[in-house]
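S.K.: Encoded as structure tokens, here's the structure I'll be asking about.
The values are calculated or read from the model by the stated rules, or taken from the named source; none is laboratory data. Computed from a predicted structure; not experimentally measured. As a convention, Cβ positions derive from the backbone with ideal geometry for all residues, glycine included, and neighbour counts pool all protein chains shown. SASA here: full protein model, heavy atoms, side chains in, ligands and nucleic acids out. Shrake-Rupley method; radii C 1.70, N 1.55, O 1.52, S 1.80 Å.
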Amino acid sequence: MSITLDLQTLLIALVLIALIVLIIYVIVLIKRLFVTLTHLNKVLEDCEVVSGIAAERSQDLDGIISNVSGTVADLSDAVKGNQSTVSAIASIAKSAASIKGMMSDKK
């Protein structure tokens with residue numbers, strides 16, 4: 001018993017086998033891509049939360065810095081003698097309250 005194969009049939013069979021292997025490889029690649037996209041989506045959601053918190057804290061700090069700078073300006077005016085004694089004491093109390101508020105916000 002003998003089997004005869006011509007070259008064209010053999011090449012077509014090899015191409016079909018290579019195509020099947022390629023299809024399996026593409027399926028595995030797409031599956032991994034979906035897993036990667038799922039993880040990426042979770043990371044992006046976390047980044048959105050963190051950036052929101054950072055923006056909120058930066059606005060809080062901006063307000064605190066504005067209060068402290070205003071208080072320091074009032075204190076400098078008080079030192080120069082441009083304010084009354086009562087205003088100077090009020091400025092010192094404001095600065096102490098601002099510093100206390102800044103320290104409690106850090107905790």
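S.K.: Out of 22, 61, 40, 16, I need the residue that is open to solvent by less than 100 Å² (accessible area, probe 1.4 Å), in a helix (DSSP H, G or I), among the hydrophobic types (A, V, I, L, M, F, W, C) and closer than 30 Å to residue 99 by Cβ. Which one? Give the derivation first.
M.R.: Working: 22 fails: closer than 30 Å to residue 99 by Cβ; 40 fails: closer than 30 Å to residue 99 by Cβ; 16 fails: closer than 30 Å to residue 99 by Cβ.
Step by step, each of 22, 61, 40, 16 is checked, and only 61 is open to solvent by less than 100 Å² (accessible area, probe 1.4 Å), in a helix (DSSP H, G or I), among the hydrophobic types (A, V, I, L, M, F, W, C) and closer than 30 Å to residue 99 by Cβ.
S.K.: Same structure again: Confirm whether residue 27 is open to solvent by 100 Å² or more (accessible area, probe 1.4 Å) and assigned to a loop (DSSP other than H, G, I, E, B).
M.R.: No, not satisfied.
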